[in-house]
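For reference, the structure is listed below as structure tokens.
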Amino acid sequence: MRRKRLVRLGEAVIVLVGGIGIWVGTGNRTNLVLAQEAASPAKRQTVIIKREPSRVVVDPNPTFAGIAIAPERGELFVAQDNDAFSGGTSLDVYSLDFTPSLGVSEPRRRIAGPMTQLGKVCDVAVAPEFREIYAVEGEGSGIKAFPIDATGNVAPLREVYGSSRGTWGLIYEPKFDEIYVAMQHVNKIAVYRRNFQFTDDPLRWIQGPKTQLATPHGIYVDVQSDEIYIINHGNWRNTEPGETQFTSVPRELLGRIQNYWDIRNPLVPSGGKFVPPSITVFSRTANGNVEPLRVIQGPKTGLNMPLGIFLDTKSNQLAVASSGDNRVLFFDAKAQGDVAPVRVLGGPATGLSDPVDVVIDRIRDELWVSNWTGHSVRAFPRTAEGNVQPLRVIRSSPEGTPATGFGRPSGIVYNPKRKEFLVPN
């Protein structure tokens, strides 16, 4: 997922303070801190520190990312990506029907533990008719399948090895029995059969400079229009069709897939650029380096770090979680170009805080929105607009509990003038 916290000796970071470089090792593998003394290079010695930190900045509460819904079962499936939480990252299942309360909500079931092999789980999908749920991870490259009623520390039923780390969006499409996944780092959409096996290749994929994919995240498939809707953050680089991102290749795939080290190119000036966030629309059967059918993009759209997307089939409107400004934006599904949303949900009363994903319960006529820094999933009337209160809330912490806001921190630097740490995410 795009978000992580800086946990105790967690993600590897480098800190430069007063001329001393400190490397912090990954918390899951070591509790070592390696420091180099501030001296002339010839006299510097490595000092190994192995002790508890004096203090920790951490979010101890579960944080909610992607969500999926099974209305007939009355269940909401939530990707919980906070590995600092005592249970670790998990797939949590909540009831859709409950009495509104200000208390912390307990899931019906939770899939978590080392046997699950869940990393920073970003999104979840569900196939009730096959009694399965699926998950993708920001640190992983594939899709994992679990029994829909699984609970606790259980191994996946099966897994498919993808083509890149940084998978994010995920959706199951039942009519054609296919799973679609968005891969951020290689600007790719891959389509797999639902009953995938480990060495399966995608049935088809969308990737290449013609596609205009730029860090794809949320994805939705509409079989009525036969179209795919894809959310793009806007971090663009030239990606060649078929490009992969592997640091290693499983034994089963040796000779079939190149790893990163096999395909490294000489370092050249970057051709990457930032482009405005967008919604790109493709034919459902699109394959290869193809142009989108249409694009929603521009200042009138109000898209601000958009993430999840879902189609309201009653209004034919696309609901988009705009995490950068705590809103849900609604667009006509046939819109294109620089167009304003037809309506907006947002404001203090909504409680939206870094919304990540949206789904619509077509039976209960409700819109559900997961909130990453808000530690919540909130239900609204399907047609909600403006600054309105939710109908009810699933909470992982008391209302108003502050969040660190850490999202996969890749470094840390100290500003001695302001006495502040800056943490890029």
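The values are calculated or read from the model by the stated rules, or taken from the named source; none is laboratory data. Computed from a predicted model, the values in this text were never measured in an experiment. Here the Cβ positions follow ideal geometry from the backbone for every residue, glycine too, while neighbour counts run over all protein chains shown.
Would you confirm whether or not segment 95-116 contains a residue that is under 19 Å from Glu366 (Cα atoms), surrounded by 15 or more Cβ atoms within 10 Å (Cβ to Cβ) and either within 20 Å of the chain's Cα centre (by Cα) or without any contact (Cβ under 8 Å) to a residue 12 or more places away in the chain (or both)? Checked segment 95-116: no residue is under 19 Å from Glu366 (Cα atoms), surrounded by 15 or more Cβ atoms within 10 Å (Cβ to Cβ) and either within 20 Å of the chain's Cα centre (by Cα) or without any contact (Cβ under 8 Å) to a residue 12 or more places away in the chain (or both). Every residue in segment 53-81 that is touching a residue at least 24 places away in the same chain (Cβ under 8 Å) and more than 28 Å from Ile363 (Cβ to Cβ), please. The answer is Pro53, Val56, Val57, Val58, Asp59, Pro60, Asn61. Note on segment 317-403: enclosed strands (runs of 3 or more DSSP E) holding 3 or more residues that are on the phi < 0 side of the Ramachandran plot, of a type in the set (Val, Ile, Thr) and in contact (Cβ under 8 Å) with a residue 40 or more places away in the chain are 355-361. Only one of the numbered conditions (1) charged (D, E, K, R); (2) at pLDDT below 90; (3) surrounded by 23 or more Cβ atoms within 10 Å (Cβ to Cβ) is violated by Asp92, and that is (2).
For segment 122-137, a residue qualifies if it is closer than 23 Å to Arg73 by Cα and in contact with a Leu (Cβ under 9 Å, 6 or more places away or on another chain), and the qualifying residues are Cys122, Asp123, Val124, Ala125, Glu132, Ile133, Tyr134, Ala135, Val136.
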